[in-house]
Protein chains: 2
Amino acid sequence: MSRAQSADRPGRVTIRDVAQHAGVSVATVSRALAGDRTVTPGTLAKVQQAVRDLDYVVNAHARGLSGRPTPMIAVIATDVRSPFVQHVAAGVQEHAAESGRFCAIFTTQGEAKQETDAVRLMREMNAEGVLLVGGVVDSADYRDRVRGYVQTLGSRLVLCGRPSPGPDIPALVVEYDNIGGAYAATSYLLSAGHRRIALITGRHGFTTTDQRVAGYRKACADFGVEVDERLIIADHTVLDRTAGYLGVQRLLREDADFSAVFTGTDTIASGALTALREAGRRVPDDVSVVGFDDLAFAQELTPPLTTVHLPHEELGRAAARMALSNVQTGSGRDHVLLGTHLVIRDSVRPYVRTAG
Amino acid sequence: MSRAQSADRPGRVTIRDVAQHAGVSVATVSRALAGDRTVTPGTLAKVQQAVRDLDYVVNAHARGLSGRPTPMIAVIATDVRSPFVQHVAAGVQEHAAESGRFCAIFTTQGEAKQETDAVRLMREMNAEGVLLVGGVVDSADYRDRVRGYVQTLGSRLVLCGRPSPGPDIPALVVEYDNIGGAYAATSYLLSAGHRRIALITGRHGFTTTDQRVAGYRKACADFGVEVDERLIIADHTVLDRTAGYLGVQRLLREDADFSAVFTGTDTIASGALTALREAGRRVPDDVSVVGFDDLAFAQELTPPLTTVHLPHEELGRAAARMALSNVQTGSGRDHVLLGTHLVIRDSVRPYVRTAG
């Protein structure tokens, strides 16, 4: 009930605003929205346009059975082909099923319009939870969108797997220790004596990339190792095999001096392993490799991959729980940070200076 | 418009039925469904119960802006962690985005109730397309459910990646040549001289499994090779690495005589490769392996996997197109069968009789 009340807060667009905007009476708007067939097509069109212009949300009571919220948690993410999205969504799905709710997954292909459209649909349906899942380009436009979502969805909106957009936007956040994971991976390589560590990850500007680069830099700084910017390859939008494959090829082509590679995802690592194998560089004897994610296939790569474990399913469950629990921002429960840790397998060897 | 008309066909539950069931007037039901606050909570509860009992779908005109259908195509599948589901859904998503619609993915965990609930929600929302995606246990209960879905959704329902439930259920179907793919894989191994071919796939009773076993049997029959039932391992529900790993371990434990393994998915193949490697059996020198799916990782396995290519994305696009095009059953356009083909890589060698 608290949600219905919060939706009635002052400042909301009302049916009166719609009537004024459309130049018709409130009763006409009411009849138009109720599907009354005595409303002429011209008037209906004017009302519909006003509704769209003002972003008016039809009172849930007029829209469905008794205006109850739709028992649904929406996952809004870039692409369902992303393993991150799949596993987080599976966690949301589990929590949704346990609590008698639907989990619906919407993908945006990274398009702002697809995201705002999906949020709007979920708002119209009065969905109980709306989760924005995965890393994002943290732009002014993005912050404006999130500010708007928070205003209309309140505590039903949770950002999952991305950082808080800042203290001025009271969004609920469930994230994982991305910087800490990258720090652990890099310092493990540094502890093994590696000093020339290449980093292959997604494009700069993405929250996910920037945090992993930050963890890498911090570890280097703590070990007193100067970062060689030429060893940081962060220009692929998609975190796929190709990014790893081409990243290693570029390092080799530029004759870069490196004894280890830390990759932003296990999938990038698998492409990197292929490129290293093709170039005759043995892993881990010649080059050590560390991944990020700990997906199931990581242990079946050749060699089994040392990687950072990320609690994907638990991220999804925690975000779903938060969306349903009506947490208030500033309550101290509005930001959850889940831990990450290194899983050690067979893709790292202590650094040995090779002849020549 | 034809959809709105078909929804008005005789036999549909009407507001009069709801009123009679609830023991109130039609006007009261109307007011209750419109969210009129003068309706007492007791009466509202009676109406709500009658709506649920009779599975009454509130007239779309009373539910949303001008009663337009929600521009959405729903994918209803078992689990988003299935690569099959991910790639088919990506195809649906692409077509949906191109045609200005949402794609929403609902997962059921194989539970009939979750499926019927999701279909019902999509019907209430007047979604433009509802796709049931992936293999299924073809039971009487399943057929009854599909019969019901066809009655309420008509040509908005498309079965995708599973066979027609039979001539008495006029469901639209977009499937791939599953039997043909399994036939191609098995006859490729037979042509290479293999006669003892193990088959590791999902559980009997699933449409996907049964069709792959049928293709395998047909190829053996055409080559005059008697099937040794002990070489068919089809007891895992989930088509994952574990099924392949444990399947090979069982063959080895039972001291089965086999020179090749055909697996129901690339993922099963990757588990089989691990078990063979651990047992010291070299692939392809000692044992040949063929997968099914042609997922991206298949070419990065050791050795790169020969497998059956399945047109996942195109399946999704074709199913989405069919759901939106108002195809009539019996029109000759109500059943699409997409081809599959073998992709030859390095996991098969001609059979050589080994000493002993």
Cα gyration tensor of the protein assembly as shown, axes a ≥ b ≥ c as square roots of the eigenvalues: rounded (a/c below 1.5), prolate (a/b > b/c) or oblate? oblate
What does the average come to when, for each residue of peptide A:216-225, you count the partner chain Cβ atoms lying within 10 Å of its Cβ? 0
Report, in debye and to the nearest 20, how large the dipole of region B:178-311 comes out about its Cα centre when Lys and Arg carry +1 and Asp and Glu carry -1 on their Cβ. 80 debye
Accessible-area loss of at least 30 Å² (1.4 Å probe, chain alone to full protein assembly) applies in region B:111-133 to B:Gln114, B:Leu121, B:Met125
Tell me the total accessible area that A and B bury against each other, 1.4 angstrom probe, in square angstrom rounded to 100. 4000 Å²
Report, in degrees rounded to the nearest 10, the 0 to 90 angle that the Cα long axis of helix B:83-98 makes with the longest principal axis of chain B. 50 degrees
Spin-label model distance (nm) - A:Thr242 vs A:Asn326, 7 Å beyond Cα toward Cβ: 4.8 nm
Rank A:Leu189, A:Leu301, A:Leu157 by mean-square fluctuation in a GNM of chain A with C-alpha springs under 10 angstrom and give only the top-ranked residue. A:Leu301
Leaving out ligands and nucleic acids, and using a 1.4 Å probe, what accessible area per residue does region B:188-278 come to in Å²? 40 Å²
Please list the non-local residues whose amide H lies under 5 Å from the amide H of B:Val75, H modeled 1.01 Å from N, same-chain partners needing a gap of 5 or more. B:Ala104, B:Ile105, B:Phe106, B:Leu131
If you take the beta carbon distance between A:Leu252 and A:Lys218 as r and set R0 to 35 Å, what does 1/(1 + (r/R0)^6) give as a FRET efficiency, to the nearest 0.05? 0.80
Sorting check: for B:262-268, B:179-185, A:220-226, B:15-21, which peptide has the highest mean count of neighbouring beta carbons within 10 Å, and how do the rest follow? B:262-268, B:179-185, B:15-21, A:220-226
Mean Cα-pair separation over length for chain B, i.e. relative contact order, pairs under 8 Å, 6 or more apart, %: 17 percent
Residue by residue through region A:258-266, the couplings from Karplus 6.51 cos²θ - 1.76 cosθ + 1.60 with θ = phi - 60°, in Hz, x for Gly and Pro, are 8, 10, 8, 10, 10, 10, x, 8, 4
Under the convention of a label 7 Å out along Cα→Cβ, give the distances in nm from B:Thr242 to the same position in every other copy, shortest first. 3.4
So for chain A, taking the charge dipole from beta-carbon charges (+1 Lys/Arg, -1 Asp/Glu), which of A:Tyr216, A:Tyr183, A:Ala171 sits furthest toward the positive end? A:Ala171
Simple SL model, points at 7 angstrom along Cα→Cβ for B:Leu54 and A:Asp168; separation in nm is 5.5 nm
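To the nearest 20 debye, what charge dipole does region A:158-220 have about its Cα centre, counting +1 at the Cβ of each Lys and Arg and -1 at the Cβ of each Asp and Glu?
380 debye
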Everything considered on the Cα gyration tensor (a ≥ b ≥ c; rounded for a/c under 1.5, else prolate if a/b is larger than b/c, else oblate), chain B must be described as prolate
Inter-copy distances for A:Arg253, label 7 Å out on the Cα-Cβ vector, sorted ascending, nm, one decimal, are 5.0
Sort shortest first the distances from B:Pro69 to its counterpart in every other copy, using label points 7 Å along the Cα-to-beta-carbon line, and give them in nm. 3.0
Evaluate E = 1/(1 + (r/R0)^6) for A:Arg143 and B:Arg203, where r is the Cβ-Cβ distance and R0 equals 51 Å; express this FRET efficiency to the nearest 0.05. 0.55
Reachable lysines from A:Lys113, Cα under 26 Å, same-chain residues fewer than 8 places away excluded? A:Lys46
If amide hydrogens are placed 1.01 Å from N in the peptide plane, which non-local residues have theirs closer than 5 Å to the one on B:Leu342? B:His309
Got a sec to turn the phi values of region B:73-78 into Karplus ³J(HN,Hα) couplings, 6.51 cos²θ - 1.76 cosθ + 1.60 with θ = phi - 60°, whole Hz, x for Gly and Pro? 10, 9, 9, 10, 9, 6
Please list, in chain and number order, the residues 5+ apart from B:Thr302 or on another chain whose amide H is under 5 Å from its amide H, with Hs placed from the backbone. none
Share of region B:89-237's accessible area from carbon and sulfur, percent, 1.4 Å? 51 percent
Using a simple spin-label model with points 7 Å from Cα along the Cα→Cβ vector, what separation in nm is obtained for B:Asp286 and B:Ser191? 2.8 nm
Based on the Cβ-Cβ distance of A:Ser99 and A:Asp235, what FRET efficiency does E = 1/(1 + (r/R0)^6) give at R0 = 56 Å, to the nearest 0.05? 0.85
Ordered by residue, what ³J(HN,Hα) values in Hz, to whole numbers, does region A:220-231 give under the Karplus form 6.51 cos²θ - 1.76 cosθ + 1.60, where θ = phi - 60° and Gly and Pro are x? 4, 4, 5, 8, x, 9, 6, 7, 8, 4, 5, 8
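The values are calculated or read from the model by the stated rules, or taken from the named source; none is laboratory data. Since the structure is predicted, the reported quantities are computational estimates derived from the model, not experimental observations. Quick reminder, even Gly has a Cβ in these numbers, built from the backbone with ideal geometry, and neighbours come from all protein chains shown. Each accessible area value is taken on the protein alone, full model and side chains, heavy atoms only, with ligands, DNA and RNA left out. Shrake-Rupley method; radii C 1.70, N 1.55, O 1.52, S 1.80 Å.
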